[in-house]
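> Structure incoming, see below.
The values are calculated or read from the model by the stated rules, or taken from the named source; none is laboratory data. Because the structure is predicted, anything quoted here is derived from the model rather than measured. Note: ideal-geometry Cβ built from the backbone for every residue, glycine included; neighbour counts use all protein chains shown.
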Amino acid sequence: VILITGSSGQLGTVLTEKLQEKYGNENIIATDLRKNPTFNGVFEALDVTDFEAIKAIVVKHKITQIYHLAAILSANGEKNPLGTWDINMKTFFNVLEISKTYKINKVFFPSSIAVFGNNIERSNTPQSSNLTPSTVYGISKAAGENWGKYYFDKYGLDVRSLRYPGVIGYQSLPGGGTTDYAVDIFHKAVNNEDFDCFLNAETELPMIYMDDAIRATLELMEAPKEKITVRTSYNISGLSFTPYQLSEAIKKNYPAFRISYTPDFRQEIASSWPMSIDDSEAKQDWNWKPAFNIESMTEIMLKNLELKYKKTNNLLI
Ligand code: VAH
């Protein structure tokens, strides 16, 4: 039985559904502070900073695997650095300790390209780069990766992790990240609105389409244990583009679409991150290969959001 924290979040919403499809609704226990109104399945309200509350759920549902997705993202994290550190670390320590005590089979910890900071090779950033994160979110992810490895080395806890690029999907909205623009832009485009981007036109960042992000997660978690040679967190790549390139891809479908640029504090964060990622280790160890490029992603995002907004508008009428 699988426990997911952060199940109402951007990634959690879609990952929960995929896990339900794969293992059956009754074997997936979704948890978050609040339930998604549309969620179907077993849900428990949970504040992951509450050790006793997680423990109770683990015992009650005889949990064997945990996907710990709850966290504060990069941009929001900068508004309250110490609070973010507390939440991101306390929740993960709770998960690690409970997993050790109750002999959880596998734990998934999402890391991020935010672990990288200035002084890296920004193109094709290698797995083994020096980690000098520029945000408290990145610092918490870099620390988390190492704690995961520590629990594996010392206690044999099977913690697995990916360094996600910015995740782009139509099913859910991101909350407070630096890569959020790449989702917001699609919502504006299908509503025939202009988009003002908080990064400048040339800011190239690593991104990944939601289906690829979910597939990478499941492939990593299903890989035979002996294949996992990276116990901190795997670099994975999807695609890379700038806001300008994305707007051009959107214009092929929406010729009237207009983008403007008003960089804010998030520009500095983005400028410290890689532009693209070298994921040789993930390729080698568990055959990672992304399937989406900017054209196929743009097409599928626009099509699905058009359908979504059409449905909501019909309901409103
Ligand atoms: C953020 N989307 O912007 C997250 C991510 C690639 C960065 O971890 O904070």
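> For the range 155-199, give me the residue count where each residue is of a type outside the set (S, T, N, Q), surrounded by 19 or more Cβ atoms within 10 Å (Cβ to Cβ), in a loop (DSSP other than H, G, I, E, B) and within 9 Å of the ligand (Cβ to nearest atom).
4
> Moving on. Looking at the structure I just gave you, is Leu46 among the aliphatic types (A, V, I, L, M), away from the ligand (no atom under 16 Å from the Cβ), touching a strand residue (DSSP E or B) at 6+ places or on another chain (Cβ under 8 Å) and within 23 Å of Glu97 (Cα to Cα)?
When the stated conditions are applied, Leu46 passes them.
> Could I ask something else about it? Of everything in the range 58-76 that's surrounded by fewer than 22 Cβ atoms within 10 Å (Cβ to Cβ) and under 17 Å from Asp158 (Cβ atoms), which residue is nearest to the ligand (Cβ to nearest atom)?
Gln65
> Which of (1) crowded, with 22+ Cβ neighbours inside 10 Å; (2) without any contact (Cβ under 8 Å) to a residue 60 or more places away in the chain does Thr242 not meet, given it meets every other one?
It is condition (1) that Thr242 fails.
> I'd like the residue in the range 101-126 that is in a strand (DSSP E or B) and of a type in the set (Val, Ile, Thr) and, out of all such residues, is nearest to Thr203 (Cα to Cα).
Only one residue fits best here, namely Thr125.
> With Glu121, Glu97, Glu145 as the choices, which residue is away from the ligand (no atom under 16 Å from the Cβ), more than 30 Å from Pro263 (Cα to Cα) and either assigned by TED's automatic domain parsing to the domain that holds Glu226 or surrounded by fewer than 22 Cβ atoms within 10 Å (Cβ to Cβ) (or both)?
Exactly one residue qualifies, and that residue is Glu97.
> Filter the range 267-305 down to the residues that are over 28 Å from Thr132 (Cβ atoms), charged (D, E, K, R) and assigned to a loop (DSSP other than H, G, I, E, B) and list them by number.
Result: Lys289, single match.
> Of all residues in the range 121-163 being farther than 22 Å from Glu78 by Cα and acidic (Asp, Glu), which is nearest to the chain's Cα centre (by Cα)?
Across the range 121-163, the extreme among qualifying residues is Asp158.
> Report, by residue number, each residue of the range 73-90 that is under 16 Å from the mean Cα position of the chain (by Cα) and in a helix (DSSP H, G or I).
Selection gives Ser74, Ala75, Asn76, Gly77, Asn88.
> Here's a follow-up. Please enumerate the residues belonging to the range 100-133 that are in contact with a helix residue (DSSP H, G or I) (Cβ under 6 Å, 6 or more places away or on another chain), touching a residue at least 60 places away in the same chain (Cβ under 8 Å) and of a type in the set (S, T, N, Q).
Correct list: Ser111, Gln127.
> Quick one: Asn200 ticks every box in (1) of a type outside the set (Gly, Ala, Ser); (2) touching a strand residue (DSSP E or B) at 6+ places or on another chain (Cβ under 6 Å); (3) in the same structural domain as Tyr23 (by TED's automatic domain parsing) except a single one, so which number is it?
Tallying (1) of a type outside the set (Gly, Ala, Ser); (2) touching a strand residue (DSSP E or B) at 6+ places or on another chain (Cβ under 6 Å); (3) in the same structural domain as Tyr23 (by TED's automatic domain parsing), Asn200 fails exactly one: (3).
> Just to be sure I understand, how many residues within the range 244-261 are touching a strand residue (DSSP E or B) at 6+ places or on another chain (Cβ under 9 Å) and either in a loop (DSSP other than H, G, I, E, B) or on the phi > 0 side of the Ramachandran plot (or both)?
2
> Here are some residues: Ile300, Ile277, Ile269, Ile294. Which one is surrounded by 11 or more Cβ atoms within 10 Å (Cβ to Cβ) and over 16 Å from Pro165 (Cβ atoms)?
When all the criteria are applied, what remains is Ile300.
> Another question about this same structure. Kindly indicate which of Asp264, Asp211 is closer than 30 Å to Ala143 by Cα, away from the ligand (no atom under 12 Å from the Cβ) and assigned to a helix (DSSP H, G or I).
Only one candidate passes the filter, namely Asp211.
> Give the residue that is farthest from Met221 (Cα to Cα), with candidates limited to residues of the range 3-45 that are in contact (Cβ under 8 Å) with a residue 40 or more places away in the chain, buried (at least 22 other Cβ atoms within 10 Å of the Cβ) and of a type outside the set (S, T, N, Q).
Gly9
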